[in-house]
Amino acid sequence: MDLQHKLLLVSLCLLLRTSLASRPEGEAEALLRWRSTLLSSTSLSLWSLANPTCSWFGVTCDAAGHVTKLHLSNAGLNGTLHTLYSTALQNLTWLDLSSNDLFDAIPANISMFLTLSVLELSTSNFSGAIPGKQPPDQPRICQALTYS
């Protein structure tokens, strides 16, 4: 193999490595990152990249396989929401984390879920106010915006 072909092969390998390393975080990775920050999440123990995200406990997907709902009410979760937001979860319309031991402030970036229409956070241990700023082009969360 001559020098030109070797350089081309090395360049292609570097390009492939760079594109894989800089790919956006996927939905599964985003959810696993959040789960890893929870103090307790035994009900999510089967969440794994070895299983399809749409088969995970509490996860509902649309026909294209995108996560649209997280229904994790009374799932024994203990921790915060600080790392939950991700642009990978841009199709999320329903988020039910009620009746868990979630605490601290509700992060302001919760309003960045642009398609979110249902947010249920009741019977938890949040402190502070519900963040009120939303991007002007975002429809208001229209149902079940509660917490305690």
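Numbers below:
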item: Magnitude of the charge dipole, the stretch 25-147, Cβ model with Lys/Arg +1 and Asp/Glu -1, debye to 20; result: 100
item: Amide H partners (placed H, <5 Å) of residue 120, local residues excluded; result: 95, 96, 97
item: Under Karplus coefficients 6.51, -1.76 and 1.60, residue-wise ³J(HN,Hα) of the stretch 40-57 in Hz, glycine/proline x; result: 9, 7, 4, 5, 9, 5, 8, 5, 7, 5, 6, 10, x, 3, 5, 9, 5, 3
item: Amide hydrogen neighbours beyond the local backbone of residue 68, cut-off 5 Å, H modeled; result: 60, 61, 62
item: Fully extended contour minus Cα-Cα distance, from residue 45 to residue 90, at 0.36 nm per residue; result: 13.8 nm
item: Residue-span extension gain [residue 74 to residue 105] - 0.36 nm each, minus C-alpha spacing; result: 9.2 nm
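All of the numbers you see were taken from the coordinates with simple rules; none came from a lab. Computed from a predicted model, the values in this text were never measured in an experiment. So basically every Cβ, Gly included, is an ideal-geometry build from the backbone, and we count neighbours across all protein chains shown.
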